[in-house]
Amino acid sequence: MIGTLLLAGAVTLAPVLSATAWANAPGPPPTAGRVTIVDVFTFDCINCRHVTPELQRLRAAYGSRDLAIVGVHAPETAEEHVHANVVQALRAQNISWPVLFDDNFSVWNNYGVQAWPTQLVFDRKGVLRATYVGEGYDAQLARTVSTLIAEHA
């Protein structure tokens, strides 16, 4: 097993793929056959902001053919509940991958998330393989993504 798993059993991408409220996209990116990082964050969290550059590096390194990134914005403060503020912050922070609004924490709860930021890493078959909570796991996240991309679907 790679990383630190929060959940046991068959955890899939279903909670993200069935979401309907998106901040900067009409829906989730295609994930079939791709390693997928689900980044659970809130825009005003400094620790969350520290994770974004690594996600941007991974996206640049692997492109959308092998890697999908999906943001899950789970607001903490009243300001973060305002969708216009979320969209503005995504632009300011250069977050261009699809981000869904998780105002009622349904995705957060489905995945058993307990803190911002959390990255859930799914393999090409859509099965959760690793979870990183907090910041400072850039090297581990990069190794996990590299390993999973190298696996054949």
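Just so it is clear, none of the values below were taken in a lab; they were calculated from the coordinates. Because the structure is predicted, anything quoted here is derived from the model rather than measured. We place every Cβ from the backbone using ideal geometry, glycine too, and count neighbours over all the protein chains shown.
Before moving on, here are some points about what is shown:
- Most to least packed among 77-84, 88-95, 39-46, 111-118 [average Cβ atoms within 10 Å]: 39-46, 111-118, 88-95, 77-84
- Signed unit charges on C-beta, dipole axis of the stretch 42-150, positive-most listed residue Thr77, Ser64, Leu100: Ser64
- Computed over the chain with a Gaussian network model linking Cα atoms closer than 10 Å, the most mobile of Val11, Val86, Val70 is Val11.
- Listed from fewest to most Cβ neighbours within 10 Å, the set His152, His73 follows the order His152, His73.
- The chain, helix-only ellipticity at 222 nm - DSSP H runs n ≥ 4, -39,500 (n - 2.57), divided by all residues, nearest 500: -10500 deg cm²/dmol
- Convex hull projection area averaged over all views, the stretch 73-153, Cα basis, nm²: 6.2
- Lys, Arg +1 and Asp, Glu -1 on Cβ, resulting dipole of the chain about Cα centre, debye, nearest 20: 580
- Across the chain, the relative contact order, built from alpha-carbon pairs under 8 Å that are at least six residues apart, equals 38 percent.
- For the stretch 42-150, share of DSSP beta bridges that run antiparallel, in % to the nearest 5: 60
- Karplus-derived 3J(HN,Hα), 6.51/-1.76/1.60, for each residue of the stretch 29-45, Hz, glycine and proline x: x, x, 10, 4, x, 10, 6, 10, 9, 9, 9, 8, 8, 9, 5, 9, 8
- Centroid-to-centroid separation of the stretch 107-153 and the stretch 67-85 [C-alpha atoms, Å]: 18
- Considering only Cα atoms, the convex hull volume of the chain works out to 98 Å³ per residue.
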